[in-house]
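Taking it in order: structure first as structure tokens, then the write-up.
Quick note: the coordinates plus some simple rules give every number you see, no bench work behind them. Quantities reported herein were computed from a predicted structural model and do not represent experimental measurements. Every residue, glycine among them, receives a Cβ derived from its backbone with ideal geometry; neighbour counts consider all protein chains shown.
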Protein chains: 2
Amino acid sequence: MPIELTPSQALGLWHSVSLAQVRVDSRDLTLRQLAILLHIYLVPPPHTVRGLAATLGVTKPVITRALDTMGALGLVDRARDDRDRRNVVIKRTVEGALYLEKFGDLIIDQGRKQPK
Amino acid sequence: MPIELTPSQALGLWHSVSLAQVRVDSRDLTLRQLAILLHIYLVPPPHTVRGLAATLGVTKPVITRALDTMGALGLVDRARDDRDRRNVVIKRTVEGALYLEKFGDLIIDQGRKQPK
DNA sequence: GCGGATCGTTACGCAAGCGTTTCTTTTGCC
DNA sequence: GGCAAAAGAAACGCTTGCGTAACGATCCGC
């Protein structure tokens, strides 16, 4: 069941969600960081630095830094892969799940409030 | 007609749009910048620095800098208010409208592609 | 076990954003 | 006219993110 949106609905939704998020959250993740976070939580694991870099079309240090930042915020965690110790597997956290749950609620709320 | 979304649809939509936007656009606006841009184009003018700052709950320099950045990208323009020359009115540009139009299309496309 | 390949991190110099504070210009009131 | 108030920009020091390049650790075929 796809989501059918008019142009005005699409941008209106993005507008109110961005606005609400800016007002509510001091953390101010970048678009890249948010994309990474969502990818980690919505796509089945395992996730690696290399895989994320390829998925986003960015370099590996970008992923490392984003994981540093979001790790410090408690939104994600890292652990060495025991089967191939060169790899790092990215792990979800309770706090990260909570963060995205709240964010999802915000989207749903703002969606309901969209006129037209 | 509000937009009714399930949690999985809401986050899924945000995920695919963020991902597509990161891959497509090198400009990488911050969430704040995007919120400002959308506000300028979706809410009836006039827009002032002070008004935007109050709307977003941020300080005035944040708005000034965002306008600097997006002005350099051609997404917005500034002009003195002739009726009160202390004010600056923020003006839309063709390129900015185009940018948001493409962004809206991207949201609609990704919405259609959402499963479930 | 050795050498090349792979993975993630770190180092470097640089650009951009932040909050606070300080102008500069303009207004409006006395 | 004179002066406090208001709007926006600029200055300051700091933090964070960027891309490129170099680096250690680990794997794997031989």
In whole angstrom, the spacing between the Cα centers of region B:22-59 and region B:93-107 equals 14 Å
Within 10 Å of the Cβ of an average residue in A:15-25, the count of other chain Cβ atoms is 6
In terms of the charge dipole of the protein assembly as shown, which places +1 on Lys and Arg and -1 on Asp and Glu at the beta carbon, the residue among B:V89, A:V17, A:L38 farthest towards the positive end is B:V89
Helix A:94-113 sits off the longest principal axis of the Cα atoms of chain A, rounded to the nearest 10 on a 0 to 90 degree scale, by 20 degrees
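Counting each DSSP H run of 4 or more residues in chain B as -39500 (n - 2.57), what helix-only mean residue ellipticity at 222 nm follows after dividing by all residues, to the nearest 500 deg cm²/dmol? Could the numbers behind the result be given before it?
On the way: 5 runs with 71 residues, N = 116.
Helix contribution divided over all residues of chain B: -20000 deg cm²/dmol.
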In whole Å, largest first, the alpha carbons of region B:24-72 cover along the principal axes 31, 22, 18
So the FRET efficiency between B:E4 and B:R112, C-beta based with R0 = 22 Å and rounded to 0.05, is 0.85
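Holding the Cα-Cα limit at 25 Å, pick out from B:K60/B:K91; A:K102/B:K113; A:K60/A:K102; A:K113/B:K102 the pairs that are longer than that. If you can, show how the numbers build up before the last one.
Values: B:K60/B:K91 17 Å; A:K102/B:K113 23 Å; A:K60/A:K102 29 Å; A:K113/B:K102 23 Å.
Result: A:K60/A:K102 exceed 25 Å.
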Log entry: pair-distance distribution for chain A, C-alpha pairs binned every 10 Å from zero, whole % per bin is 12, 39, 31, 15, 3, 0
Placing each pseudo-label 7 Å from Cα in the direction of the beta carbon, A:R27 and A:V94 end up separated by a distance in nanometres of 1.6 nm
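About the Cα centre, and with charges only on the beta carbon of Lys, Arg (+1) and Asp, Glu (-1), how big is the dipole of the protein assembly as shown? Nearest 20 debye, please. Intermediate results must be reported in sequence, preceding the final value.
Numbers: 34 positive and 24 negative charges, 84 e Å.
Computed about the Cα centre, the dipole is about 400 debye.
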